[in-house]
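The values are calculated or read from the model by the stated rules, or taken from the named source; none is laboratory data. Because the structure is a prediction, the values reported are computed rather than measured. Positions of Cβ are generated from backbone atoms using ideal geometry, with glycine treated the same way; all protein chains shown enter the neighbour counts.
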Amino acid sequence: MMARQSGLGVWMKVLRETSFLALAVLVAIVQLGCGDQYRPVANPVVSPGGQPQTLHFAWVVNFNANGPGTTTEIDVSGDTNLGVNNMGQGSIAEAFPPNSFALFVANRENDTVSEYLPVLPTIPLTTITLPAGARPVAVNSGQPGFMYVVNSGANSGCPNNGGSLSVIPISTLSVSNTLCVGANPTAMAQSPVNFYAYVLNQGDGTVSVINGVGPSLAGTIPAPQLQGQSCPAQNPALGPNPVSITASPNGSWIFIVTQGDDVTPPALDIVGSGNTAVAACVPLGARPTFSVVDPILNRLYVANSGDNTVSVFDASNVNPSGSNPIPLLATVPVGTNPIGITPLVDSSNFYVANAGSNDVTVVSANSFSPLATVPLPAGANPVFIASDPTSSKVYVADQGTSATTIIKTSNNTVAGNISAPQQVSTCSPQPNLPCALQQPVMIVTQ
């Protein structure tokens, strides 16, 4: 970890332990100091007639093939690029821990995690060193005070299976534990209640179960031994090729999306949080690739890229021992090759990014009817989609055009496109020879 001056370290600890309200006040002070108009934090909804709007931001992680990656900070109310921050080599994922303003960015190519406070840009970034060869690909946490890092590569502590999970306490900003998991882990979900974490290992088709209190390896959900069965009622098992994982809003269940194979169809596997066995499963559409929960409506959304649909489940009514373990509310037709979904906080609609048709489908969260299709710029190739806390904007990471598209939800039109930074900052564009840009890969909002 990069060393800091002792006085600065004390202030950093104080700032990270400060409440959300205090940080919000500091944000307002910073904004006023920069000459920007202050917007009341107490108003979470944009009213008609141009009323002031809450301060909210979107942060885009940009992957750079020729240097350090970056994050781009976007002002939600003004649709403006507020600045670019340099990260480590191969920046690929980002996350905020619960109840925290500290942003963590995984840097795959130099085995580090960058941490900084976007609301206080004068405080320097911290570089947290991971085990050599870790190759982090994801960061996530459901446990206040901690960040978990999914490491896809072999390292000195886990040389055999080639995957690990590193734990970073926010109080120290250094790795406290690294636990060995399965081969080529790609994602993690954690219960916000008992803090059990589940690591999806694509390399060997298993799921590692971590007790976050400790932490320690609690067990492994094995790869399937029998193939060809579609969600057997007796002795359900993990399906082949797990690709996405998330926790239910109440923390009681872990949802694992499996793509299946030539003989076993795709399925949603349900695991009780704290358990090491699949409790039940239900069928999914063709080639599912992504899942996300809506904590407001208590739903689970799954993008089925193979048949261009979204499966919507009622996550408030999970009963593994019943005939219908999790009710399917709707199967919604969307664009071609859906790859991401974001539900609005106001529970009105959810938005689906479609890589094949190069657009975004707007779906009613009440009737499940498609309401609109928002075209993206030619060649956009969307890879991620997110929405802001006021439900006024949707952000799409367009890897093909190296830009972030901003959609205004009030009329479902494109409000603007913000380009990613240049790969080489000193590059001078020439006629018919533009400078290569970084590629946006993920977006978080707060």
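Taking the criterion of being among the aliphatic types (A, V, I, L, M), farther than 20 Å from Val345 by Cα, surrounded by fewer than 21 Cβ atoms within 10 Å (Cβ to Cβ) and under 21 Å from the mean Cα position of the chain (by Cα), would at least one residue in region 382-393 satisfy it? For region 382-393, residues among the aliphatic types (A, V, I, L, M), farther than 20 Å from Val345 by Cα, surrounded by fewer than 21 Cβ atoms within 10 Å (Cβ to Cβ) and under 21 Å from the mean Cα position of the chain (by Cα): present.
Taking residues in region 300-318 that are free of Cβ contacts under 8 Å to residues at least 12 places away in the same chain and surrounded by fewer than 23 Cβ atoms within 10 Å (Cβ to Cβ), and partners anywhere that are among the hydrophobic types (A, V, I, L, M, F, W, C) and not in a strand (DSSP E or B), the pairs with Cβ atoms closer than 8 Å and at least 6 places apart or on different chains are Asn317/Ile326. For beta carbons closer than 9 Å, sequence separation of 6+ or different chains, a first residue in region 101-117 that is part of a loop (DSSP other than H, G, I, E, B) and a second that is among the aromatic types (Phe, Trp, Tyr) and modelled with pLDDT of 95 or more, the qualifying pairs are Ala102/Phe96; Ala102/Tyr116; Arg108/Phe63. In region 281-292, the residues that are within 17 Å of Ala247 (Cα to Cα) reach residues that are charged (D, E, K, R) with C-beta atoms within less than 8 angstrom, at least six apart or across chains, in these pairs: Cys281/Asp269. Taking region 381-401 as the range and being touching a residue at least 60 places away in the same chain (Cβ under 8 Å) and either under 17 Å from Met442 (Cα atoms) or touching a Cys at 6+ places or on another chain (Cβ under 6 Å) (or both) as the test, the residues that pass are Ala386, Asp388, Pro389, Lys393, Tyr395, Ala397. Selection over region 353-387 of residues that are closer than 16 Å to Ala58 by Cβ and in contact with a Leu (Cβ under 9 Å, 6 or more places away or on another chain) gives a count of 4. Residues in region 154-177 that are modelled with pLDDT of 95 or more and part of a loop (DSSP other than H, G, I, E, B): Gly163, Ile170, Ser171, Thr172, Leu173, Ser174, Val175, Ser176.
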